[in-house]
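Heads up, the thing below is written out as structure tokens.
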Amino acid sequence: MESQVVHWLWWIVLVGVVAALPVMYARAQTESSANKVAVVVDYRDLLQVSSTKGEPEAFLDEQLAKLKEAGVNGMAVFESTLQELSWAGEVEVYTATEAALLEGKTAADAGNNRTYVMFTKPGDADTIRSMIDWAFKKHGFDVADWSYEGQKGVSIDMGIDDAMIRPMQPNPLEMDRLHAAGYQLYPRLSDRFSPYDRDEMKRWIESFEKYGVTRVLFDGEGVPGFSEPAKNKAIENLADLLKEHGMGIGAFENMKAPTKGLSSLAKDLDYNVVRAHSLSDGELAKLTVEQLQDRLFLAVKDRDIRLIYLHTLALRDSVKGKMTNPLEMIVDTLMGAEKSDDTDDTIDTSTVSEGTVEATALEREVGFIEKMSDFGFELGVPQAFDVHHAPAEKALRGLAMAGAIALVALMLGLFAPALLLPVTVIGYIGAAGLYVLAPTLMVQMLALFAAIAAPTVAVVLLVRKIRERRDAELSNGRKLGAALLLFVKTSVLSIAAVPLVVAMLNHITYSLVLQQFRGVSLLHLAPIALVAIYVFLYGSGDTVIGNARRILMMPVTFFWVVLIGVGAAAGMYYLTRTGNAGQVSGLELAFRSFLENTFGVRPRTKEFLIGHPLMLAGIFIALRYRWAMILLAMATIAQLSMVDTFAHIHTPLAMSIIRVLLGLGMGIVIGLIAVGVWRIIEKTWGRVEKYALDK
């Protein structure tokens, strides 16, 4: 009965895998539907840099031209502030004391703590005044007329520190300037105006359309209207306005905290969303031109990023004793660093001057723009993915889910054969019920369990096969052939989970990382632990309880304490490296860059350098030595890593396939070398033993 259940479960797994293939193809079509990338600079930062120069206007014009030539095609415009207007030369801002002294009075005559604003450009005064009037009255503060020697201005009933950072509408004067310079504009909106003003937001969005805006970004902790009560439907109103005017949104990756309301807004916009990657000023200061190029290229190629966002803030460098900024570094990154006879690879990012950079080079290295173009991407206005669906996709995904449940049941059956049938029945009934109550939770749980089950089943079946064949007398050549065949079979079985996981998580929200594959740490730990349990407790001539009792009764020596400690430390380090938040050393970053530049796609180190060679060598050794089974448990890291590669849904499917195949190929080569080294060690040890016996 049990064997018949196993037989039918494997057929269900096979049907699920085959059914998932059209869904995988549809996802690949989706990922290839948008290849335009925007390179956007933070315009507020650019204004701040210009304010540190002797001639801000001339510097700003020069940098806008240089950045445009380098490949920057977009500028991010924030909700304006008095600080920003001051950097732009539109206003002078004074405290009450400074205003009193300006008028020839004494500080004691100030009599208040108001903020005084003088308009420095008469032609722009009406526009600036209307911005200030609406914003500060919205914030709940009075705005009154003020002037000095015929120059118009206003006084605001609040202290200067607070007034300088209060948001207003994005400055239309600067938007005119940037639009005329040929830049695509990306307004950054916030939830700092309360309550949400539908009429004002409509006016803003209509004005954005005049500048050809196709996408807005967000600033602060939430999208506009997020803090409003749900009954006000502020987010729905914002979505309607954006859709009416043909606009989508951008979503930054790796935010410290998710932007509140973004997922709801994205859903209301039918997922007209592009992923954006931002580099802070601190990060730019630590990178070389080559490292920055690699980072931007990987973001576009490996993570479906379609908007690169660059900060240019001027920083105070106490070591050099001056203000520095990364503008020249950005130009070199995008265009390629200049070549010259004495060019050093390290680029000084602080050498931006108000004049033009002296051209000492005849040509440039390959820059990010050219590198991106060679890979099939082009500079332009980014578009959201055109989502493709397989015919009868819901039915195909249902079959994939059935296959995943069967795979999980097979895994549990390896450890408790008597429970295989009831576990299978309960699994299908429970999954159906959970799908009705919480479909997203059910799909995520099933994807995780299937991802755990495939490598576990593959390696456990490998252990069984080796135990069956260990007593067979095989020549080294036949043993190597058997090891290669078993390695390939095991890897194919592990990868069986990939179509199932991809099909179950085939929704645009996973590609945009609005939802994520859950349980990465468990995926990286469970298969290794389960295989180790099977190796130690199953199939060793005793019952599971008997084997467990024998292990627990073993004397605890200093060697075992040290070994357990080292293993625990290695396990903790391994878990800290999983997911997107793991820390990577500078040496490893250099190694990763080398692999990327050499192969075009970087295979995962834990696969080609650790797990696959260990698996191949472990199989070869385990065909003769029982103790080598522990190597197979350790080598499970590569089998689960292959599945985990495809759990990164924001990585293009084609890229994941190439990465896994490259890891397998390189792993086999290194594994064959490891087998050769083992044979040398084995022969040498045999000669040493023989010599010792002869003595």
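Rule-based calculations on the coordinates, nothing more; no lab input. If you're wondering where the values come from, they're calculated on a predicted model, not measured in any experiment. No Cβ is skipped: glycine too gets one built from the backbone with ideal geometry, and neighbour counts run over all protein chains shown.
Just a few scattered comments:
- In Hz, Karplus ³J(HN,Hα) per residue of the range 176-186 (6.51, -1.76, 1.60; θ = phi - 60°; x = Gly, Pro): 4, 4, 5, 5, 5, 7, x, 8, 6, 9, 10
- Counting other Cβ atoms within 10 Å as a rough exposure proxy, the listed residues M629, M24 run M24, M629 from fewest neighbours to most.
- Only DSSP H runs of four or more residues enter the estimate; each adds -39500 (n - 2.57), and after division by the residues of the chain the mean residue ellipticity at 222 nm equals -18500 deg cm²/dmol.
- The alpha carbon gyration tensor of the range 81-168 gives principal lengths a ≥ b ≥ c with a/c of 1.5 or higher and a/b no greater than b/c, which makes the shape oblate.
- Normalised contact order of the chain, rounded percent, pairs of Cα under 8 Å and 6 or more residues apart: 15
- Per-residue Karplus couplings for the range 440-454, computed as 6.51 cos²θ - 1.76 cosθ + 1.60 with θ equal to phi - 60°, are listed in order as 5, 4, 4, 5, 5, 5, 5, 4, 5, 5, 5, 5, 6, 5, 4 Hz, Gly and Pro entered as x.
- Charged-residue dipole, Cβ positions (Lys, Arg, Asp, Glu), the range 28-96 about Cα centre, Debye nearest 20: 260
- Note on the chain: antiparallel DSSP beta bridges, both residues inside, total approximately 40 percent of the bridges counted.
- For the range 371-504, with +1 on Lys and Arg beta carbons and -1 on Asp and Glu, the positive-most of A458, V443, S494 along the dipole: A458
- Protection-proxy order for peptides 372-378, 179-185, each taking the mean of Cβ atoms within 10 Å per residue, highest first: 179-185, 372-378
- A protection proxy built from the mean count of other Cβ atoms within 10 Å ranks the segments 431-442, 409-420, most packed first, as 409-420, 431-442.
- Ranked list, fewest to most other Cβ atoms within 10 Å of each Cβ, for E31, E363: E363, E31
- Segments 145-155, 75-85 sorted - mean Cβ within 10 Å per residue, highest first: 75-85, 145-155
- Residues whose placed amide H lies under 5 Å from that of W146, excluding near-sequence neighbours: G153, V154, S155
- When only the Cβ of Lys, Arg, Asp and Glu is charged (+1, +1, -1, -1), the dipole of the chain relative to its Cα centre reaches about 4920 debye.
- Anisotropy class of the chain from Cα gyration tensor, a/c 1.5 cut: prolate
- Computed over the range 81-168: relative contact order in percent, which uses C-alpha pairs under 8 Å that are six or more apart: 33
- Pairwise centroid distance, computed over Cα atoms, of the range 280-342 with the range 1-73, Å: 19
- Summing Cβ point charges (Lys, Arg +1; Asp, Glu -1) relative to the Cα centre of the range 170-311 gives a dipole of roughly 160 debye.
- Look at the dipole of the chain built from charges on Cβ: of G376, S278, S656, the Cα furthest out on the positive end belongs to S656.
- Distance between the C-alpha centres of the range 646-695 and the range 200-232: 56 Å, rounded to the whole angstrom.
- Full extension of the chain segment joining A108 with V319 gains 71.8 nm, where the gain is 0.36 nm per residue of separation less the Cα-Cα distance.
- Dipole-positive endmost among L474, F591, L315 within the chain (Cβ charges, Cα centre): L474
- Couplings 3J(HN,Hα) of the range 112-119, computed from phi: 7, 10, 6, 9, 10, 10, 10, 7 Hz, in residue order, whole Hz [Karplus 6.51 cos²θ - 1.76 cosθ + 1.60, θ = phi - 60°; x for Gly and Pro].
- Proximity of backbone amide H atoms, modeled 1.01 Å from N, is registered between N73 and V39 at under 5 Å, excluding neighbours fewer than 5 places apart on the same chain.
- Amide hydrogen proximity for A337: with H placed 1.01 Å from N in the peptide plane, the residues at 5 or more positions away or on another chain lying under 5 Å are E365.
- Greater than 31 Å apart at Cα, pairs in K68/K233; K66/K152; K489/K690; K202/K231; K36/K256; K479/K606: K68/K233; K66/K152; K489/K690
- In percent, rounded to a whole number, the relative contact order of the range 104-222 is 23, using alpha-carbon pairs under 8 Å and six or more apart.
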